[in-house]
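For reference, the structure discussed in these notes is given below.
Throughout, read-outs are computed from the coordinates displayed, never taken from laboratory work. Note that the coordinates shown come from a computational prediction; the quantities given were computed from them, not determined experimentally. Note that each Cβ is placed from the backbone with ideal geometry, even for glycine, and that neighbours are counted across all protein chains shown.
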Amino acid sequence: MNGESSIVPSTSSSAATPKSLHLRYFSLLRSNPNFRRLWLAQLISELGDWFYSLAVYDLLLKKTHSGSAVGLAIIIQTLPWFLMTPLAGYITDRFPRRALMIVADVFQGFIVLCLLLPGVSSNVHLIYLLLGLEVVFASIFEPARSAILPNVVSAEEILPANALSSATWSFALAVGAALGGAITAWLGRDVAFAANSASFFVSALLLYRMSLHEQHVLPQKIASAVAAATSSVREGMEYVRAHGKILALVLAKAGVGILGGSLLLLVIFGERIFPVAGHGALAVGLLYAARGVGAGVGPLIGDRLTGGLESRMWKSIGLSFFIIAAAYVAFSRAPNLWLGIFCIFVGSMGASNIWVMSTSLLQLNTSDLVRGRVFSLDFGLLMLMIAISNYVVGRGLDIWGFTPRELAAALGLLMIVPGVLWIGTRKFWKEQAA
């Protein structure tokens, strides 16, 4: 892995003016039907996800009046990702990833439908159980989606494809959160739950229409056993440990996971500090929407500034940690909702840029045979950090007596730590190269 390499092929036309961003993305969608279907599946299912999440957070906060209750919901939505890492990594490297994504979508659709059954929405324990079941299947879907992308696009399309996927996630968050907050406040939570369930089935249909060859599938090895799964996970861990830069990229997302407690803080800020016309759900929707817009803009700017050069992509990750830190410290002092929205927008630009750059670099530098396990570990560690962060923030609010503003400032200051560590690792690699 050469830090100075470019993912853009060097040709005689390389000196020509690069195609503008919007044309690159439209061209990718128009010319690659498999990627187009994968992208549409992501867009539709993630719009439904944000309708659903805000409705669940609003329901729990109204029923329990406890920040810890919402924090526990976020933990349940994240911790199973880490616990599922061995199994998810194993099966995504042994079975067809497209088929796994379809199965995960169908099961998630039926699980969300259960929230519409009589009496379920009034039972907090059942809500937690359904959240956990859904995440079990999501923890298989997402590593499979990241691992399958290099089978869908060419190497030079990896960065724009990831930037477009991140922008799509961000658009879904911005639109889904804003509309989800409004629908929850005015039409009720059941509408949000029904929309999310339907989105999973539509996503499964789009994935079913994809046609591609998955090189990692070896028919003679599909018959698996527990011992084989254990060995497979160990191989993936050994691969990551043996490649220092792969390990650093995996830990980069874990560093962003420190910020995970902001998911709970945005709900608390919206409900208690910045309510809009007495409707906390509307303010929460706007804050989450700002997070979505920022997360969409950040990778597009990063794509433009790095120009496909891996050395620039590595540097942009370190810079982004400090942007996040400054944004969340400023958010902790924001006097009104609109300045708070701006701070969240800037912080999300940095966090999403780290996500896209680290994901692209992993896809470019990881063998197809172990890519599923690497991304399962990648997602698992991220979700573990998000779960821990939300647990600490929930305890801070309800037990230790910290204010939301104090906790927001603490999260911002903590983001300096991975930023400093990232600079240190880059300095170490440069000295090694010298």
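A few notes on this one:
- Extents of region 33-433, largest first, come to 58, 52, 38 Å (Cα atoms, principal axes, whole angstrom).
- Region 237-316, relative contact order [Cα under 8 Å, separation at least 6], %: 13 percent
- Potential lengthening between Ser211 and Val191 on full extension [0.36 nm per residue; Cα-Cα distance subtracted]: 3.9 nm
- Hydrodynamic radius of region 275-380 per Kirkwood, over alpha carbon pairs, in Å: 15.1 Å
- Two-site FRET efficiency, Arg30 against Phe110, from Cβ-Cβ distance with R₀ of 41 Å, rounded to 0.05: 0.75
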